[in-house]
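I have placed the structure first, in the form of structure tokens, so that the comments after it can refer back to it.
The values are calculated or read from the model by the stated rules, or taken from the named source; none is laboratory data. Fair warning: this is a prediction, and the values are worked out from it, not measured in the lab. So basically every Cβ, Gly included, is an ideal-geometry build from the backbone, and we count neighbours across all protein chains shown.
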Amino acid sequence: MCGIYCCYNRKEGDVAAFRPRAIACSKKQRHRGPDWSGCYMAKDSLLVHERLAIVGVDTGAQPLVSDDEQVILAVNGEIYNHLDLRKSLKNPPQFKTHSDCEVIMYLYKEHGTDMCNMLDGMFSFVLLDTSVTPSRLVAARDPIGITTLYMGWHSSAPETLYFASELKCIEEECDNLQAFPPGHFYDSDKKEFTRYYNPTWWNTDQDPTPPTNPADLTAIRETLEMAVRKRLMSEVPYGVLLSGGLDSSLIASIAARETDKLAEEQERRRKAHREAQAKGETITDDAPLASWPQLHSFAVGLEGAPDLIAARKAADMLGTVHHEYHFTVQEGLDAIDEVIYHLETFDVTTVRASTPMYLLSRKIKAMGVKMVLSGEGSDEIFGGYLYFHAAPNPKDFHDECVKRVKNLHTADCLRANKSTMAWGLEARVPFLDKKFLEVAMNTDPASKMFSKGSEQKTDADGRPIMEKYILRKAFDCSPDGKAYLPDSILWRQKEQFSDGVGYSWIDGMKEHSAKIVSDEDFAKRAERWPESTPDTKEAYWIRDLFEGHFPTDAAAKTAVRWVPKQEWGVSADPSGRAVAIHTAAYEEKA
């Protein structure tokens, strides 16, 4: 992933003068792309790119320019099906790079904006067609919003638009700001957004009947394996974030299996290269060879944290090279101001969970790793958050799942993207693969619902009908004679990440905010923030830090709070420990 910046449709003659300013604005997100910076100046627009090189390392510098020099492109993301897309072109060009993104320009030439639905990956891009006057701009964001993108303009010149991967790059230029909606493209010809991603499960209002497809455990397992496999597309060292919970452990298990296969394939190719060189033959297989064939896993937590213990157990079984990092509550508190600057939100649960991830990402990047797989999305897809036990019926359960998936770009995707990219580390999320979503989101929600406490039921094999049961059951097998995970991990109760790194982390945040936010200031919070008024001192403290970095009302309106569904009678605190089922489960174990 990278950082992109665009100033579109600036007054003629003013573009060159604005170039230093555009580069300076984009420099604020250079942490996203520390490998190279590029700038392209068109007749009425500017594109700037900060590059993190993962694929096409030697040739993929951006902005990219088409063979006729009429289409210019800046992309943040990865296109997993780029090789198939290249083959599909009716008029294939002489590609200049090995970049997975270059094909987008030629898809545009042949398919126009219909190209967006053809892309399989995570991406935000700005494409400029200079063959017309004024230049045509097409901007788009991936279906779920795994990558970040913002758009803005100033009311004094609304025809000039600004786009950037991070809010901080365009905040000073704009008095109107918005997060670019996932699954949409913006076309300057029409001056409007168009939704291109319309899966069958999306519109619960128009189709009030929840899905009735029985859980297909084989399809769930195989589509997730495929999702992980395609996300191992990399020419640089990669690893997995391993919290020891179900989701990250499943991704690590699949990745370990696939990495072993890749290592065998790499060795076969190396042998073929050596034999060809010895015979003086031309090597036709010029695809880059992977540089790190053994899988490394990374965990973070306070000393003795539940996640660290579970992650160690999973890593031992999977045979990963495991790295465990500890942080203290004080180290976390010291980092929060920086974390909020990078996150660009004041949502409490996002800040709580992002801080350990931010600290871990720095350690990972220091090892030379540039890409990791992560487990975001599973809880939204399968209703894994513990408050889902209170869902009154399958329809409400399904509607809440759809709502949570739709809002991932405001919380978990935002956290995964910005916590890692703060250090130039890319996170890929297999659970949000389009094919996997099609299978999992079209499953009868009744099969996703779970029982609680003393009422908890078991299946014919004695497995508990607990949260994410069908996902657990899909991998409760050994198709090749080897189990995916130990039972203690596969059937471990949900721990939300900010809890699992150590319960004293959230407690420490609450205690710290209670000390530094006075009762007098807290009593006046509604006067200071009449909209989105903080309801706790912790929320007040975080909002105050956010305002120090992003003081405008326009910036504040881009932040969205994550709160469990209050209509079900559950706690407003997003911590899993605030849900009675969590406490009951641990009391029973004791």
Q: Provide a single number: the residues in the stretch 152-204 that are of a type in the set (Ser, Thr, Tyr), more than 25 Å from residue 1 (Cβ to Cβ) and assigned by TED's automatic domain parsing to the domain that holds residue 123.
A: 3
Q: Could you name every one of the strands (runs of 3 or more DSSP E) located completely within the stretch 11-95 that has at least 2 residues being touching a Cys at 6+ places or on another chain (Cβ under 8 Å)?
A: 46-51, 71-79
Q. In the set 510, 473, 494, which member is at pLDDT below 95, touching a helix residue (DSSP H, G or I) at 6+ places or on another chain (Cβ under 9 Å) and within 30 Å of residue 242 (Cβ to Cβ)?
A. 494
Q: Take the residues in the stretch 124-140 that are buried (at least 24 other Cβ atoms within 10 Å of the Cβ) and free of Cβ contacts under 8 Å to residues at least 60 places away in the same chain, then tell me which one is nearest to residue 228 (Cα to Cα).
A: 140
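Conditions (1) of a type outside the set (A, V, I, L, M, F, W, C); (2) at pLDDT 95 or above; (3) crowded, with 17+ Cβ neighbours inside 10 Å, marked per residue:
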position: 158; (1), (2), (3): yes, yes, no
position: 167; (1), (2), (3): no, yes, yes
position: 186; (1), (2), (3): yes, yes, yes
position: 192; (1), (2), (3): yes, yes, no
Q) Failed condition for residue 127, given (1) at positive phi; (2) at pLDDT 95 or above; (3) not β-branched (Val, Ile, Thr); (4) not in a helix (DSSP H, G or I), with all others met? A) (1)
Q: From the list 572, 555, pick out the single residue that is farther than 22 Å from residue 502 by Cβ, of a type in the set (A, V, I, L, M) and either modelled with pLDDT under 95 or part of a loop (DSSP other than H, G, I, E, B) (or both).
A: 572
Q: Return the pairs, sorted by first residue and then second, in which the second residue is polar (S, T, N, Q), the first residue lies in the stretch 538-549 and is not assigned by TED's automatic domain parsing to the domain that holds residue 171, the beta carbons are less than 6 Å apart, and the residues are 6+ apart or on different chains.
A: 538/513; 541/513
Q: Sort through 59, 147, 130 and tell me the only one that's of a type in the set (S, T, N, Q) and closer than 17 Å to residue 3 by Cβ.
A: 147
(Q) Can you tell me which condition residue 233 does not meet? The list is (1) modelled with pLDDT of 95 or more; (2) more than 19 Å from residue 407 (Cβ to Cβ), and all the others hold. (A) (1)
